[in-house]
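The values are calculated or read from the model by the stated rules, or taken from the named source; none is laboratory data. Since the model is a prediction, treat every value here as computed from it, not as a measurement. We place every Cβ from the backbone using ideal geometry, glycine too, and count neighbours over all the protein chains shown.
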Amino acid sequence: MRIAAIERGEYDDEEGAEYITQEQKQTLEALFGQTGELFLSNKLEAAKAAFEELFAFQIDDFSLDIERREPQARYCRCIYETVAPKQRIKALLVGMAPEQPTQFHKPLRLFDGNYPFLQDIIDARPGELPNFKTFLPAWEKALAKKQSDRAALLRLEALNLHKGLEGVARLARTKQQPLDYLFWIEKLLEQKAWNEVASISQEGLNALPLGEYRAVVADSLLLAAETLGDLELILNAKKEKCLSAPSDNTLLAWINEAESQQQRSEALKQAFNFLSKNKPFASNLYAKTSLMAGEINKAFGLVKNEKAYGWSTGRNPTGVVFAGILIALLPLNKQPASVLLKLLQRYTKTDYSLIEQIIQGIRGRKWPASQTKKWLEWAETIAKQRIEHIVSNKHRYAYERAAEILGALCEYFILTKKEEHGISLIEHYRNVQFSRFSAFIREIDQVIASSNLLNRKNLI
């Protein structure tokens, strides 16, 4: 069908060509239904042959109104019951597709996906699987030779059916692999054995390396801790989730929980120490944590030699440090004005509660005059460089950002009794240096109009 479309000049891979017609889709869906009826009528040989023909199509590309997992489980049940015992393992390794990718990032979602597990085959129709007790250890041994997450899960399933959770526990404690612990915890979650979930989750956290799988273990601990009402465990779970998968959201969840338990300072110290060892991989988060902890000089050290461009990549911490420094240096009796806050929000790229945590960390502190002078000189210099880089190079899509930088700087100078200097910056860029750049002037005017502080100065 694809070849015919190409020959007619109708095939467009980029737009996602339609592989089959609606009528053909309905025909395929009907054939799956008829094959299912053969299976339920105990005509396993015929059903197996029909399933093989149907699965020869790339059905996942056709958006059929069927879920693959059930017919695939029925197909594998046909294989199990019709293939000679000596060929059963080999045939099932094809039918069960252990090489297929498996993705899961939440507790109780370990067995999601389009492909069946052994339990699906067992449940496909009434009656026990023949020679099942001798099949299980051989099936587990065959899967142990495969290198994929799905193969590991299929092996754990077989081990659990053969030797119970004691067998899974022995494997987990011997190999100390993430999936082993996740499977073990999943089974405990299904039983709602919350104390055991908490215990084994903590064991898993101690045994496993940092990463997404460990973060799922931390989620399981949190689920158990919340069910048990254990505040200490709740805080520890959120901490371990952040350490396993550092992000704005996981950090904020940890710090907010710590604050509710009057442990904010200790949590920020732990987060700061952890991230300071991982700066190359989490520089943006390290900068935010430094500001939250009031460690402005640490954040400044991260960006003082950075360029005036590339702030919007999501990985560059310069913008958030720039905005944080201006807010930190405001007098205690002056609140950040609207453009300053908007600038901080732009470069934190996250929930407003993170902005509140940053402001809480940087406001109300005193720093040596030599430091504040150095920070302010850097802030003004890099702001000018950024404005001039964007506008001189006619990066029109970034004019709004350049105007915000200018407006934030002007707000800062007005709030720190240097109004004349702040206004002169706007007048210089708007009326002198870039007076011919009408699109940039419009952005400046919009920033001024959005700020009560600037709007009162009759700058337009």
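Points to keep in mind about this one:
- Among the residues of segment 310-332, those that are out of contact with any Ser or Thr (no Cβ under 6 Å at 6 or more places or on another chain) and under 11 Å from residue 346 (Cα atoms) comprise 312, 314, 319, 323.
- Residue check, residue 129 outside any helix (DSSP H, G or I), touching a helix residue (DSSP H, G or I) at 6+ places or on another chain (Cβ under 8 Å) and either closer than 24 Å to residue 42 by Cα or not hydrophobic (A, V, I, L, M, F, W, C) (or both): yes
- Matching residues, segment 162-215, being among the small types (Gly, Ala, Ser), surrounded by fewer than 19 Cβ atoms within 10 Å (Cβ to Cβ) and under 14 Å from residue 106 (Cα atoms): 211
- When the residues of segment 51-91 are filtered to those that are hydroxyl-bearing (Ser, Thr, Tyr) and touching an Asp or Glu at 6+ places or on another chain (Cβ under 9 Å), the one that is farthest from residue 111 (Cα to Cα) is 82.
Residue by residue, here is whether (1) surrounded by 14 or more Cβ atoms within 10 Å (Cβ to Cβ); (2) more than 22 Å from residue 319 (Cβ to Cβ); (3) at pLDDT 95 or above holds:
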site	(1), (2), (3)
396	no, no, yes
403	yes, no, yes
428	yes, yes, yes
452	no, yes, no
456	no, yes, no
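- Residue match in segment 259-273 (condition: assigned to a helix (DSSP H, G or I), touching a residue at least 12 places away in the same chain (Cβ under 8 Å), among the aliphatic types (A, V, I, L, M) and within 25 Å of residue 342 (Cα to Cα)): yes
- Checked against the criterion of being over 25 Å from residue 310 (Cβ atoms) and buried (at least 19 other Cβ atoms within 10 Å of the Cβ), the candidates 273, 236 yield just one match: 236.
- For segment 335-369, a residue qualifies if it is outside any helix (DSSP H, G or I) and surrounded by 17 or more Cβ atoms within 10 Å (Cβ to Cβ), and the qualifying residues are 336, 337.
- Filter pass, residue 66 being of a type outside the set (S, T, N, Q) and modelled with pLDDT under 90: yes
- Listed by first and then second residue, the pairs with beta-carbon distance under 6 Å, at least 6 apart or on different chains, first residue in segment 168-187 and among the basic types (Lys, Arg), second in a loop (DSSP other than H, G, I, E, B) and surrounded by fewer than 24 Cβ atoms within 10 Å (Cβ to Cβ), form an empty list.
- Cβ-Cβ distances below 8 Å connect the following pairs, each with a first residue in segment 37-57 that is in contact (Cβ under 8 Å) with a residue 40 or more places away in the chain, a second residue that is assigned to a loop (DSSP other than H, G, I, E, B), and a separation of six or more residues or different chains: 39/124; 39/125; 40/125.
- Comparison of 334, 342, 288 shows that the only residue that is charged (D, E, K, R), in contact (Cβ under 8 Å) with a residue 40 or more places away in the chain and touching a Pro at 6+ places or on another chain (Cβ under 9 Å) is 288.
- Residue in segment 317-327 that is over 24 Å from residue 366 (Cβ atoms) and part of a helix (DSSP H, G or I) present: yes
- Criterion violated by residue 133 - all others in (1) of a type outside the set (Gly, Ala, Ser); (2) modelled with pLDDT of 95 or more; (3) farther than 22 Å from residue 216 by Cβ satisfied: (2)
- Residue in segment 120-142 that is hydroxyl-bearing (Ser, Thr, Tyr) and surrounded by 16 or more Cβ atoms within 10 Å (Cβ to Cβ) present: no
- Number of the exception - residue 102 against (1) closer than 22 Å to residue 244 by Cβ; (2) in contact with a Gly (Cβ under 8 Å, 6 or more places away or on another chain); (3) modelled with pLDDT of 95 or more: (3)
- Residue 103 being touching a residue at least 12 places away in the same chain (Cβ under 8 Å), within 33 Å of the chain's Cα centre (by Cα) and surrounded by fewer than 16 Cβ atoms within 10 Å (Cβ to Cβ): no
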